[in-house]
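So the structure is just underneath, and the comments pick up after that.
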Amino acid sequence: MVDQSFVRTEIVPEKPAPLSQAGIIGWFRKNMFSDIPNTILTGVVLYIIFMVLGNILPWVFSPTWNSVSLTECRSILAEIGRDGHGNGGACWGVIRERWLQLMFGFYPSELYWRPVLSFLLLGVALAPVLFDGVSRKILFFTAVYPFVCFWLIWGGSVWFPISVFIGFIISYFGFVIGNKSAGSLIGVLAAIALPIIWWFILLSPINSVLNSILPLGSEAIESDRLGGFMLAILIGVTGIALSLPIGILLALGRQSDLPILKGVCVCFIEFIRGVPLITLLFVASTLLNVFLPPGSNFDLILRVMIMVTLFASAYMAEVIRGGLAALPKGQYEAADSLGLDYWKAQRLIILPQALKISIPGIVSTFIGLFKDTTLVSIIGLLDPLGLSTNIRADMAWNGILWELYGFVALIFFIFCFSMSRYSMYLERKLATGH
Amino acid sequence: MANAKKQLEISDEVAIQITKMNKWFGSFHVLRDIDLTVQRGERIVVAGPSGSGKSTLIRCINALEEHQEGLITVDGTILSSDLKNIDTIRSEVGMCFQHFNLFPHLTILENCMLAPIWVRKVPQKEALETAMHFLEKVKIPEQANKYPGQLSGGQQQRVAIARSLCMKPRIMLFDEPTSALDPEMIKEVLDTMVTLAEDGMTMIVVTHEMGFAREVANRVIFMDEGQIIEQNEPEAFFDNPQNDRTKLFLSQILGH
Ligand SMILES: Nc1ncnc2c1ncn2[C@@H]1O[C@H](COP(=O)(O)OP(=O)(O)OP(=O)(O)O)[C@@H](O)[C@H]1O
Ligand SMILES: [Mg+2]
């Protein structure tokens with residue numbers, strides 16, 4: 001018989017891992033050269049990377065920063081013995097000469113500080129939304145920021161953005177007072193009706209009175225002078241900031257028990273998703289004028305912002321609906337059984353979880369929206385791509401291609417990659433071990 | 001848990017009154033002519049085969065399910081489709097689920113404080129004290145700042161009980177609170193429920209734990225095919241069942 005009893009008398013000491021398991025050599029051996037096919041694959045991939053970089057890097061490092069035209073670039077390249085006609089090197093002079101235009105379009109150069117300041121303030125306004133540990137008091141500034149930004153970029157009388165903002169305050173107090181004195185329905189009606197009366201009837205006479213008493217303001221800038229990344233960011237940030245709340249409401253509406261509300265939301269979402277964005281942009285640029293009262297001057301950029309927002313909202317609604325559907329029914333039941341009403345249950349229990357699940361989809365939609373802003377060049381707005389076409393039409397730079405589009409692509413990549421990294425940070429932060 | 005119920009009193013006051021209640025899921029008649037009166041302080045165990053409508057019955061009591069016919073009165077409030085009545089009743093009636101249904105994005109403490117703060121409008125500090133009091137009662141105050149995902153099943157169910165208790169309900173409903181738990185965790189949850197019974201809580205418990213029924217319940221209700229087949233004191237129910245279906249069910253559940 002084998003003796004099966006065993007009692008350990010000494011403890012095995014800890015030994016360092018064998019070299020093949022630890023350290024850089026171990027890592028390489030395990031991940032890249034583990035067997036013959038793996039080694040061959042590693043070799044092939046290394047060769048491809050080498051070929052690609054070997055062709056691109058000399059093109060990128062090209063001493064043409066100070067040139068003033070494509071012809072000069074070519075002669076510089078020919079002098080140092082590179083191919084002067086084709087792909088001997090990049091012609092970076094165009095970026096040096098035109099990068100401000102790519103950023104700001106035809107915005108007056110002495111007023112560049114205005115968009116720059118509003119971009120910096122955007123960072124301040126976003127900080128309390130994006131990161132914990134930033135004082136919550138800044139949220140007040142976040143609420144005012146859209147009006148500050150509008151005034152900084154478009155200029156004109158200060159009274160206009162201020163009185164538009166007052167409309168929202170009226171709406172809030174209309175709701176609070178109506179709710180207290182006559183119930184929530186009256187409150188909601190007051191919150192909608194009072195600001196509409198204010199904006200459409202009282203606003204312009206009051207504005208003209210205020211302007212004649214105290215004409216405060218700055219130089220007004222016409223919309224057609226806005227362009228470049230400033231325009232892309234304006235449209236993108238507006239779309240992102242508005243499409244999330246609208247998307248949430250649409251997603252909740254689509255799940256609602258009220259058949260009419262549900263029907264409206266479904267129709268809206270399906271219609272917008274079924275139509276290409278370019279079509280909507282054409283509607284914004286041409287058809288909308290047909291429906292507006294003659295003589296009304298509804299800014300083209302504003303129209304485009306509305307269309308882009310509606311477009312992104314429909315996608316957002318579907319992304320969030322996915323998150324809502326992923327929540328177990330028990331979460332709704334637990335919230336109900338504790339006596340939370342619909343809105344409290346949504347706000348405290350359902351949405352925080354559904355939005356967290358949807359973060360990757362939401363951020364994808366944001367990134368898609370930001371890149372789609374380049375489509376506005378088709379209706380004649382001077383976004384970075386529209387400007388590139390413009391610059392290429394200049395005699396001096398006629399024939400430039402890769403440098404311009406590469407630069408635009410790089411900037412877009414920086415923005416989109418940051419969004420993607422932020423979403424990963426957010427997912428990690430919100431992980432609670434389940 | 002022995003003798004837990006002997007000294008417990010049942011008052012004459014009616015806590016829940018159900019008369020001629022019927023419910024359908026589409027065309028499927030799931031609850032049929034339910035008549036049930038629960039006095040304050042009663043501990044009722046509901047048993048029956050799977051699909052007999054036990055869950056549906058207790059979910060009707062706090063309006064998680066809507067009934068189509070008959071009358072349900074909870075604490076003197078008639079359960080109608082009036083949202084105000086439903087909210088009143090829900091804040092009087094606590095419920096524990098088979099799968100705990102804790103809110104995974106909130107800590108244990110936040111789970112317990114949420115409803116008192118948002119529904120009862122209790123000040124933050126008071127809600128915190130209440131939450132800690134009940135977490136101590138279910139014997140896990142030290143887990144207060146963890147997230148539900150970091151707790152064992154038994155601990156999660158005890159948190160769920162504490163979360164309901166924080167609303168200071170007068171009636172507690174349990175829907176198979178131990179059937180998703182490993183055997184060694186069942187006892188800790190049952191012990192918590194026994195303590196609750198000793199404090200005089202009115203309880204309706206759907207469970208297959210016949211030991212618990214014997215020791216704690218003052219009445220056992222047997223359901224099948226959406227009807228109440230038999231109800232009796234636990235001794236009589238277990239030792240001398242009358243209906244054939246009850247006998248069959250008991251032989252199956254106690255047989256092995
Ligand atoms: N939402 C629903 N829609 C349609 N039918 C349902 C629904 N919920 C439950 N049912 C049906 O109603 C019957 C009773 O269900 P219920 O969950 O009350 O049973 P139960 O006695 O709790 O069973 P178990 O012991 O398996 O939990 C079952 O036949 C079930 O299929
Ligand atoms: Mg059940």
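Structure notes:
- Summarising the amide proton neighbourhood of residue B:69: residues at separation of 5 or more, or on other chains, whose placed amide H is nearer than 5 Å comprise B:22.
- The distance between label points at residue A:144 and residue B:33 comes to 7.2 nm (points 7 Å beyond Cα on the Cα→Cβ vector).
- Between residue A:206 and residue A:121, the contour length at 0.36 nm per residue exceeds the alpha carbon distance by 27.7 nm.
- The helix-only estimate of mean residue ellipticity at 222 nm for chain A, built from DSSP H runs of length n ≥ 4 each weighted as -39500 (n - 2.57), is -22000 deg cm²/dmol after division by the residue total.
- Area hidden from solvent between B and A (accessible, protein heavy atoms only, 1.4 Å, total, Å²): 2000 Å²
- Other protein chain Cβ atoms within 10 Å, averaged over every residue that makes up B:95-105: 6
- Working note: Debye formula, equal point scatterers on the alpha-carbon atoms of chain B, no solvent; log10 I(q)/I(0) at q = 0.07, 0.14 Å⁻¹ is -0.23, -0.98.
- Based on Cα contacts under 8 Å between residues 6+ apart, chain A shows a relative contact order of 15 percent.
- Residue-averaged [θ]222 nm for chain B, counting only DSSP H segments that reach four residues, each worth -39500 (n - 2.57): -11000 deg cm²/dmol
- When you count the other C-beta atoms within 10 angstrom of each residue and take the mean per peptide, A:331-338, B:228-235, A:175-182 line up highest first as A:331-338, B:228-235, A:175-182.
- Farthest toward positive dipole pole in the protein assembly as shown [+1 Lys/Arg, -1 Asp/Glu at C-beta], among A:162, A:217, A:308: A:217
- Neighbouring Cβ atoms from other chains, within 10 Å of the Cβ of residues in B:109-118, number 3 on average.
- Global form of the protein assembly as shown, assessed from the alpha-carbon gyration tensor, a/c cut-off 1.5: oblate
- DSSP-assigned coil residues among trypsin sites (Lys or Arg not before Pro) in segment B:108-201, each with at most 12 further Cβ atoms within 10 Å: B:121
- Rounded accessible area per residue of segment A:157-218, 1.4 Å, Å²: 64 Å²
- Structural descriptor for segment A:68-191: relative contact order 13 percent, calculated from alpha carbon pairs under 8 angstrom and at least 6 residues apart.
- The share of accessible area on chain A that comes from carbon and sulfur is 72 percent, using a 1.4 angstrom probe.
- Each residue, residue A:262 and residue A:53, gets one label point 7 Å from its Cα in the Cβ direction; the gap between the two is 5.7 nm.
- Among the chymotrypsin sites (Phe, Trp or Tyr not before Pro) in segment A:258-331, those located in a DSSP loop and surrounded by at most 14 other Cβ atoms within 10 Å of their own Cβ are A:298.
- Inter-centroid distance (Cα atoms) of segment A:356-424 relative to segment A:248-316, Å: 23 Å
- Put a plus charge on the Cβ of each Lys and Arg, a minus charge on the Cβ of each Asp and Glu, and nothing anywhere else: the dipole of segment A:23-93 about its Cα centre is then about 260 debye.
- Residues of type lysines that residue A:15 reaches as a straight line, Cα spacing below 27 Å, ignoring anything fewer than 8 places off in the same chain: A:30
- Separation of alpha-carbon centers, segment A:1-69 and segment B:177-194, rounded to whole Å: 50 Å
- Sequence-distant aspartates and glutamates (8 or more away, or on other chains) whose Cα lies within less than 20 Å of residue A:429: A:132, B:110
- Partner lysines whose Cα lies under 21 Å from the Cα of residue A:262, excluding those fewer than 8 positions away in the same chain, are identified as A:329, A:344.
- When the charge dipole of the protein assembly as shown is built from unit charges on Cβ atoms (+1 for Lys and Arg, -1 for Asp and Glu) and taken about the Cα centre, the candidate among A:242, A:430, B:56 whose Cα reaches farthest toward its positive end is A:242.
- Each peptide among B:111-117, A:248-254 gets the average number of other Cβ atoms lying within 10 Å of its residues, and from highest to lowest they stand as B:111-117, A:248-254.
- Debye intensity ratio I(q)/I(0), log10, segment A:157-218, q values 0.12, 0.28 Å⁻¹ (C-alpha model): -0.35, -1.02
- Loop trypsin sites (Lys or Arg not before Pro), segment A:46-138 (other Cβ atoms within 10 Å of the site Cβ: 15 or fewer; DSSP): A:136, A:137
- Based on C-alpha pairs under 8 angstrom that are at least 6 apart in sequence, segment A:270-354 has a relative contact order of 31 percent.
- Each of B:248, B:195, B:46 was scored by the projection of its Cα onto the charge dipole of chain B, and the greatest displacement toward the positive side belongs to B:195; charges sit on the C-beta of Lys, Arg, Asp and Glu.
The values are calculated or read from the model by the stated rules, or taken from the named source; none is laboratory data. From a predicted model like this one, the values you see are computed outputs, not experimental measurements. Reconstructed Cβ throughout: ideal geometry from the backbone, glycine too, with neighbour counts over all protein chains shown. Areas reflect the complete protein model, heavy atoms only, side chains present, ligands, DNA and RNA absent. Shrake-Rupley method; radii C 1.70, N 1.55, O 1.52, S 1.80 Å.
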